[in-house]
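For reference, the structure discussed in these notes is given below.
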Amino acid sequence: MRRAKGKGLTSAVKPLFFSQNWHFVKAFLRLFFRLLYHQFAFAYDVVALAVSFNRWNDWVREVLPFIEGKRILELGHGPGHLQRLLRRDGWLAIGIDESAQMGRLARRNTSGNARLTRALAQRLPFPNESFDTIVSTFPSEYIFDPRTVAEARRCLPPGGKLIVLPVAFPKNRYLDWLYKVTGERPAESVEVFQERARKPFEDAGFSTTIKIVELPSSQLIVILAEKGSE
């Protein structure tokens, strides 16, 4: 049977379509990110620029206005681009990453000047209240792990902030194509993501705000989670 031109999946078909494919997609993305962060870390910047339509580094810079205090921890420093910006602007920054390959790449990109540690976000090797702000840009799913969120909260003082830039939505023809396939408009996707993204942080006791950063070619979601008084 021919599908009507320009129509997305029907409301009856969409849940079935996504439920059947979601586990496969998650498994594929988990493998993709593992390879990208480890064996193929050398290709990270090329892939990042390609999927962001050459906007990746511009997106990363957008977290800087939200950072407060002097002591900054970056979760998942990757190739070290944010570390370079933090040091340039005078912050006392430390970066952690689980990937040894990313550590080597970041040291090269920061001329060996960054303070980098190999560690898991779920087990941070720092004392309580060590940082004023903790930041993470485009992390994989570990950022929503309750252990990660709890560790971030432990390492922040009352009033300290956890800033997460988890996703960007480019404004271009590919989103039009996605709507035709799924029937989901970008605005609907943003609203659904906001609700899901907020929960792990609120469950851990953070006061959580979602900021939408509008850029000419894209829309960024920034999670601002503030630790209240004990």
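Every number here is computed from the coordinates shown, using simple stated rules; none is lab data. Quick caveat, the model's predicted, so the values are computed rather than measured.
Taking a ≥ b ≥ c as the square roots of the eigenvalues of the alpha-carbon gyration tensor, region 57-99 is classed oblate because a/c is 1.5 or more while a/b is no larger than b/c.
What shape does region 63-153 take by its C-alpha gyration tensor, where a ≥ b ≥ c are the square roots of the eigenvalues and a/c under 1.5 counts as rounded, a/b above b/c as prolate, and the rest as oblate? Since a/c reaches 1.5 but b/c is at least a/b, the shape of region 63-153 is classed as oblate.
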